[in-house]
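Notes follow the structure.
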Amino acid sequence: MQKISTLLLGASLLLAQDVAHMSFTPLSLPDAPVEATQVRLSSALITTDTTGKEEKYPLRYVPLLSSGDTVAGSTHAFGAVLDAKGAALTSNDGSVWISNGQDANTLIYDGNATYLLTHFENRIGAITQTTLTLKEGAIVPTAITPIDFSSIRGISNVCAGSRAPWNAHLGGEESSADALLADPASPFYVDCALAKNQGEGYCALSMTMQRYLGKSEKFNAHRYGYIVEATVEKGEPKVARHYVSGKYTPEMAIVMEDNRTMYISDDGGDNGFYKLVLDEAVTHFTPRWKGTLYAAKFTPTDGVMGYDVAWIALGQGDDATIEALIERRPVTSDFFELSLTPKKGMRKIVEDGYTYYMRPKTLGESKRIHTQAELELGRAFLESRKWAAYLGASINLKKEEGIAYDPKGHRIFLALSKIDGNNCGAVYAMPLDKTYSATRMEAIAVGEVLTPSHPDYARYGDRYACHPDKVANPDNIAFVGYDTLMIGEDTSSHYVNMLWAYNTRDKSLTRVATLPTGGEVTGISAGNVEGKSVLFFNIQHPMGDVCKAANKASGCNADIIEQSRPEDERGVVGYIDGLPSKLY
């Protein structure tokens with residue numbers, strides 16, 4: 001077999017034509033407290049070929065790298081957070097800052113070697129390039145290289161991600177660098193020189209990013225909050241930030257088969273959903289994009305279960321021109337007048353936790369904006385969510401998370417961690433038309449709130465606020481072929497976070513894994529390393545979140561977390577081992 005490494009996009013779904021369907025044996029819930037400290041996995045994968053014949057494959061979870069692990073010959077440990085000069089930053093106790101925020105994984109094969117690119121979700125974002133090889137059937141990391149993003153002034157809060165069809169990694173900067181808080185003319189301005197503002201939110205982010213930048217440059221809020229790209233060519237990383245994707249708090253982007261259309265989710269409260277259509281198809285790493293950005297307008301047809309989808313154009317632009325505008329350090333009030341009370345010509349805006357009134361400014365109202373084109377560019381790409389709200393797009397989605405693409409079914413999937421009237425969330429399917437434009441959104445996997453009147457309250461109420469046989473606060477998702485959508489949780493409403501397999505053909509939901517309590521499921525991706533099929537998923541911040549049960553008097557997992565050791569809190573990148581070799 002040719003030495004390849006690929007994820008499930010486009011033609012790679014045809015690697016195993018003899019397998020028609022796959023399923024996992026169901027996994028029980030953890031019972032004894034010790035089981036809540038372990039990775040527990042479905043015992044087997046069952047494949048069904050085109051003749052109906054079934055094969056069963058025993059499975060196990062194999063940790064590949066944990067936070068702080070080292071590899072001979074590598075300068076930095078896995079998860080080390082560096083500054084713009086490549087020096088390791090330190091934590092408050094003086095030790096090297098090691099992140100346990102492993103998030104997205106992407107396999108890259110550059111023709112010579114296989115690399116795993118892994119996000120670390122911190123205020124100072126990080127992506128590592130881990131060289132992989134296969135030894136006696138096991139995947140072995142042979143080098144760990146932190147990717148240098150200093151050419152784009154670093155990255156911030158990179159969250160979920162995906163593999164682009166042109167062999168590159170795309171990640172979302174879910175950054176709290178809201179320029180609304182950095183503008184002295186804004187009613188929400190936060191003065192970071194005041195000690196009371198420095199511990200959290202925007203000020204904590206800006207001050208932490210200043211540690212990365214050093215004295216060479218002052219933090220610029222408009223620079224962060226976009227889609228970033230990384231790949232490896234001839235062993236060397238290449239990076240870019242794509243300003244044409246628009247500024248908000250992007251969770252991730254995923255590209256359609258046309259190599260032009262992509263969808264971008266927006267994490268947080270009262271946020272939007274976006275579509276970027278590039279002017280030309282991308283076939284290789286391209287540091288500068290040109291395209292048109294759209295925001296979705298959702299019209300409910302079945303409460304929170306179904307919507308019609310329309311698209312509102314925000315603007316057309318290119319990375320280079322937008323970046324040049326950012327270099328001049330405009331502020332929000334260069335593009336909009338904002339007020340806490342209504343004024344003539346203003347519209348009420350509710351976005352990401354803020355309520356205010358706003359009108360777009362005209363040319364001549366700001367000395368920093370010289371042309372009408374700059375004014376329109378700034379509205380659309382530096383203040384995308386505000387402009388989308390003003391134009392009538394739907395900016396009321398709660399906790400948008402992962403997106404997945406099913407090329408066979410010609411649809412995408414979107415995880416909403418919370419929906420109106422249901423704090424357990426749901427996963428939606430969105431069919432596409434011939435132009436790859438989403439036209440509908442319908443719920444397919446919905447969480448279920450446990451209340452004292454629920455028939456299963458007595459059985460589960462001490463450990464769960466959402467029913468454990470349904471998804472809770474879905475986050476990372478990935479379509480891995482064979483009618484299978486993997487759904488990972490980021491929840492404090494389950495005793496443990498779970499990984500699920502949703503069968504898009506028969507609509508069944510199967511519990512595949514449970515994680516150490518307090519840890520989030522991240523980095524779900526399928527691929528092939530030197531002929532070995534694998535399905536990655538990570539354990540982010542284990543022992544990090546105290547769960548909340550339906551029974552308010554229950555301590556849920558508090559005792560387990562209180563007794564945890566530092567080694568229990570290390571994040572883990574790992575994979576499901578035992579898959580048939582030609583599955584991916």
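Any read-out appearing in this document is the output of simple, stated calculations on the displayed coordinates, not a laboratory observation. Keep in mind the model is a prediction, meaning the values are calculated, not measured. Reconstructed Cβ throughout: ideal geometry from the backbone, glycine too, with neighbour counts over all protein chains shown.
Divide by every residue of the chain the summed helix terms, -39500 (n - 2.57) for each DSSP H run of at least 4, and state the resulting mean residue ellipticity at 222 nm, rounded to the nearest 500 deg cm²/dmol.
On the way: 6 runs with 45 residues, N = 584.
-2000 deg cm²/dmol, from helical runs alone.
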| query | Which of the following values of percent of Cα pairs over 47 Å apart was calculated from the structure shown: [x] 12; [y] 9; [z] 45? | reply | [y]
| note | Contour minus Cα-Cα span, LYS290 to VAL96, at 0.36 nm per residue, comes to 65.9 nm
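Which FRET efficiency value, to the nearest 0.05, do you get for SER151 and ARG60 by plugging their Cβ-Cβ distance into 1/(1 + (r/R0)^6) with R0 = 41 Å? Intermediate values should be presented prior to the final figure.
Details: r = 41 Å, r/R0 = 0.99.
Between SER151 and ARG60 the formula returns 0.50.
About its Cα centre, how strong a charge dipole does the chain have in debye, to the nearest 20, once Lys and Arg get +1 and Asp and Glu get -1 at the Cβ? Let's see the in-between values first.
Values: 56 positive and 70 negative charges, 214 e Å.
Once rounded to the nearest 20, the dipole reads 1020 debye.
Going by average Cβ density within 10 Å per residue, which order do the peptides 127-137, 58-68 take, highest to lowest? Please report the intermediate quantities before stating the final value.
Values: 127-137: 16.6, 58-68: 18.2.
The densest-packed peptide leads the list: 58-68, 127-137.
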| Inter-label distance for LYS434 and ALA88, nm, one decimal - labels placed 7 Å from Cα along Cα-to-Cβ | 5.8 nm
| Got a sec? How would HIS21, HIS370, HIS284 order by Cβ neighbour count within 10 Å, fewest to most? | HIS284, HIS370, HIS21
| task | Go through the chain and flag any cysteine with no other cysteine's C-beta closer than 4.7 Å, please. | result | CYS159
| Dipole of the chain [Lys/Arg +1, Asp/Glu -1 at C-beta], most positive-end residue of ALA221, TYR457, PRO407 | ALA221
| said: Quick check: pseudo-label points 7 Å beyond the Cα along Cα→Cβ at TYR189 and ASP568, how many nm apart are they? | reply: 4.8 nm
| Fewest-first ranking of SER176, SER366, SER216, using other Cβ atoms within 10 Å as the exposure measure | SER216, SER366, SER176
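Could you list VAL96, VAL480, VAL512, VAL34 so that the one with the fewest beta carbons within 10 Å of its beta carbon is first and the one with the most is last? Present the calculation step by step, with values, prior to reporting the outcome.
Numbers: VAL96 15, VAL480 23, VAL512 26, VAL34 9.
Listing VAL96, VAL480, VAL512, VAL34 from fewest to most nearby Cβ atoms yields VAL34, VAL96, VAL480, VAL512.
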| query | Once phi is turned into ³J(HN,Hα) by the Karplus curve 6.51 cos²θ - 1.76 cosθ + 1.60 with θ = phi - 60°, what whole-Hz value does each residue of the stretch 499-515 show in order, with x for glycine and proline? | reply | 10, 10, 10, 9, 8, 6, 8, 9, 6, 7, 10, 10, 6, 9, 8, 10, 9
| note | Distance in nm between GLN38 and LYS343 label points, each 7 Å along Cα→Cβ, equals 6.4 nm
| request: Find out how many positive minus negative residues lie around THR48, taking Lys and Arg as positive, Asp and Glu as negative, among other residues whose Cβ is under 14 Å from that of THR48. | output: -3
| query | Taking 0.36 nm per residue of separation and subtracting the Cα-Cα distance, what length does fully extending LYS507 through ASN112 add? | reply | 138.2 nm
| said: Order 191-204, 269-282 from most to least packed using the mean count of other Cβ atoms within 10 Å. | reply: 269-282, 191-204
| Which of the listed residues, MET252, GLY171, ALA204, is farthest toward the dipole's positive end in the stretch 158-266, when Lys, Arg count +1 and Asp, Glu count -1 at the beta-carbon? | ALA204
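Given +1 on the Cβ of Lys and Arg, -1 on the Cβ of Asp and Glu, and no further charges, what dipole in debye does the stretch 407-554 carry about its Cα centre, rounded to the nearest 20? Don't skip to the end; give the middle numbers.
Working: 14 positive and 15 negative charges, 44 e Å.
With only Lys, Arg, Asp and Glu charged at Cβ, the dipole is about 220 debye.
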| query | Mind ordering 500-510, 155-165, 342-352 by average Cβ neighbours within 10 Å, highest first? | reply | 155-165, 500-510, 342-352
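Rounded, prolate or oblate: which fits the stretch 508-572 when a ≥ b ≥ c are the square roots of the eigenvalues of the alpha-carbon gyration tensor, with rounded for a/c under 1.5 and prolate only if a/b beats b/c? Walk me through the numbers before you get to the answer.
Values: a/c = 4.01, a/b = 1.79, b/c = 2.24.
Note, shape of the stretch 508-572 comes out oblate.
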| message | So if each residue of separation counts as 0.36 nm, and I subtract the Cα-Cα distance between HIS410 and ASP469, what length gain in nm does that give? | response | 18.4 nm
